[in-house]
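**Student:** Mind looking over this structure? Questions follow.
The values are calculated or read from the model by the stated rules, or taken from the named source; none is laboratory data. Here the structure is a predicted model, which is why all the values come from computation and not from measurement. Methodologically, a virtual Cβ is constructed for each residue, glycine included, from the backbone with ideal geometry; neighbour enumeration extends over all protein chains shown.
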Amino acid sequence: MSKQREFSNKMRSYHRYLGFFLAGIMAMYAISGIVLIFRDTDALKKETIHEKTLKPGLSATDLGKQIEIKKLSFKEVKGDVASFEQGSYNTATGEVEYTTKALPLVLDKMTHLHKAKSADPLYVLNIFFGLALLFFVLSSFWMFLPGTSIFKKGMYFSLAGMVLVIILLFV
């Protein structure tokens, strides 16, 4: 067996078993990626109404920190009741009522993993997964021996895919 064929068979084997191993996480990233496309809408989100009593007389910024709503600002103040986009706050009694919208627990966990930052504990898994995907890209070029018709067709499809990426980057 030639060294080229032996290397090609080894790459096929690595590609196959790594693909089986990562099938679940690839499905998770695919689903969470689709869900993230709609993150600026309320699609799939569940509404929850919250009622709390906080310290009276909080500013909009302090209230936002307490109830974990970023960039909270009062839209209107009538007497002791300050209204904001998600609810209202009674500045005299400290009672606040507001609504939050969130994805179901599993989808929320999936999208947070998908968007992991370097400060998140599992960011190393995202790096590993990215490198595994890069391996899939590169190893696919050793799936078939050069000179075969299937390899040549594969090169045409690869070229078409690269053209599509360039088009998408500049649209």
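**Student:** Among what's in segment 24-78 and is touching a Pro at 6+ places or on another chain (Cβ under 9 Å) and charged (D, E, K, R), pick the residue that is nearest to Asn90 (Cα to Cα).
**Tutor:** Lys46
**Student:** Now for a different question. What are the residue pairs meeting all of these: first residue in segment 5-22, first residue of a type in the set (Lys, Arg), second residue modelled with pLDDT under 90 and surrounded by 14 or more Cβ atoms within 10 Å (Cβ to Cβ), Cβ atoms under 8 Å, and 6 or more apart or on different chains?
**Tutor:** Filtered contacts from segment 5-22: Arg12/Trp142; Arg12/Met143.
**Student:** Residue check: is Ile25 in the same structural domain as Val96 (by TED's automatic domain parsing), surrounded by 12 or more Cβ atoms within 10 Å (Cβ to Cβ) and within 29 Å of the chain's Cα centre (by Cα)?
**Tutor:** no
**Student:** Looking only at segment 39-58, filter to residues that are assigned to a loop (DSSP other than H, G, I, E, B), basic (Lys, Arg) and modelled with pLDDT of 95 or more; which one of those is farthest from Gln86 (Cα to Cα)? Talk me through it step by step, then tell me what you get.
**Tutor:** Residues of segment 39-58 assigned to a loop (DSSP other than H, G, I, E, B): 39-45, 54-58.
Next, from what is left, pick out any that are basic (Lys, Arg): 39, 45, 55.
With the extra rule that they be modelled with pLDDT of 95 or more, the set shrinks to 45, 55.
Details: Lys45: 15, Lys55: 19 Å.
The selected residue is Lys55.
**Student:** Grab the strands (runs of 3 or more DSSP E) fully contained in segment 65-171, keeping just those with 3 or more residues being at pLDDT 95 or above, among the hydrophobic types (A, V, I, L, M, F, W, C) and surrounded by 13 or more Cβ atoms within 10 Å (Cβ to Cβ).
**Tutor:** Of the strands (runs of 3 or more DSSP E) lying wholly inside segment 65-171, those with at least 3 residues that are at pLDDT 95 or above, among the hydrophobic types (A, V, I, L, M, F, W, C) and surrounded by 13 or more Cβ atoms within 10 Å (Cβ to Cβ) span 81-84.
**Student:** While we're looking at this one, here's another question. On the basis of being at pLDDT below 95 and hydrophobic (A, V, I, L, M, F, W, C), does Leu22 make the cut?
**Tutor:** Yes.
**Student:** Scan segment 134-154 for residues that are free of Cβ contacts under 8 Å to residues at least 24 places away in the same chain and under 14 Å from Gly19 (Cβ atoms) and jot them down.
**Tutor:** Leu134, Val137, Leu138
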